[in-house]
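The values are calculated or read from the model by the stated rules, or taken from the named source; none is laboratory data. All of these numbers come straight from a predicted model, not from anything done at the bench. All Cβ positions, even for glycine, are placed from backbone atoms using ideal geometry, and neighbour counts span all protein chains on display.
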Amino acid sequence: MKTGMILIAALIAGSAHAQQVVDASGKAIDEKVTRAMFSALTSEAKDPLSAQFIDLRFAKSRPELVCGEVNLKNSFGAYTGFKPFGFNTEYNNLLMDQNLSDCAQ
């Protein structure tokens, strides 16, 4: 019984730290694209499961480009603040720390 309660508590705590879109902008992006974006982030971030996304939208000039902002944790476990990113749905690659002029609104 005790082991079962510990397992349930661990599952609940683990799901609270999953990648998430923290505003309503995620409704505009297909779930398959969102999953691919989360997957691409895994190789880019120190703690990809803690990623928080906001302001997701498709670029007006490039319909294959999802734009938004992401908040990631650093080596010390602290969030660094929301920073712009792009995700190319055609090639499934994440664009961070690059010129994202196509994402300008």
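The residue pairs whose first member lies in the stretch 29-56 and is within 21 Å of GLY81 (Cβ to Cβ) and modelled with pLDDT of 90 or more, whose second member is assigned to a helix (DSSP H, G or I) and among the aromatic types (Phe, Trp, Tyr), and whose beta carbons are closer than 8 Å, counting only pairs six or more residues apart or on different chains, are ALA51/PHE38. For the stretch 39-48, a tally of residues being surrounded by 15 or more Cβ atoms within 10 Å (Cβ to Cβ) and not acidic (Asp, Glu) returns 4.
If you check SER50 against the conditions, is it more than 20 Å from ALA104 (Cα to Cα), of a type in the set (S, T, N, Q) and in contact with a His (Cβ under 9 Å, 6 or more places away or on another chain)? Here the answer is yes, as SER50 does meet what is asked. Checked against (1) modelled with pLDDT of 90 or more; (2) more than 14 Å from the chain's Cα centre (by Cα); (3) surrounded by 13 or more Cβ atoms within 10 Å (Cβ to Cβ), ASP102 passes all but condition (1).
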